[in-house]
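The values are calculated or read from the model by the stated rules, or taken from the named source; none is laboratory data. Model, not experiment: these values are computed from the prediction. Here the Cβ positions follow ideal geometry from the backbone for every residue, glycine too, while neighbour counts run over all protein chains shown. Ligands, DNA and RNA are stripped out before the accessible areas are found, and what is left, the full protein with its side chains, is counted by its heavy atoms. Shrake-Rupley method; radii C 1.70, N 1.55, O 1.52, S 1.80 Å.
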Amino acid sequence: NIKYIYFGELKNVRLTQEEYEKLSGQYSNLDQAIEKLDTWLGTSGSKYKNKPHYAYFKSNSWVWENLNKSNQDGFCF
């Protein structure tokens, strides 16, 4: 049985502790990316909320592209 932990201010991002640790070792701005995904999940409806979210943090994911764009432009989505 997999135990998920909910991350983000709204607690919408589901990761295991192992997944979080692996990602945090790869990305220094993981918490910012989690907040991006958390906000999107909070506004996108429930069909994405109860799924594992590890894949959203792969290096070529839209989460990172959006985070990088927001950091460059000075705004968030």
>> Filter region 33-60 down to the residues that are touching a residue at least 12 places away in the same chain (Cβ under 8 Å) and in contact with a helix residue (DSSP H, G or I) (Cβ under 6 Å, 6 or more places away or on another chain) and list them by number.
In response: Ala33, Lys36, Leu37, Leu41, Lys49, Tyr54, Tyr56, Phe57
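Residue by residue, here is whether (1) of a type in the set (S, T, N, Q); (2) open to solvent by less than 20 Å² (accessible area, probe 1.4 Å); (3) touching a Gly at 6+ places or on another chain (Cβ under 9 Å) holds:
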residue: Lys22; (1), (2), (3): no, no, no
residue: Ser28; (1), (2), (3): yes, no, no
residue: Lys58; (1), (2), (3): no, no, no
residue: Ser70; (1), (2), (3): yes, yes, no
>> Any residue at all in region 36-45 that's of a type in the set (S, T, N, Q), surrounded by 12 or more Cβ atoms within 10 Å (Cβ to Cβ) and at pLDDT 90 or above?
In response: yes
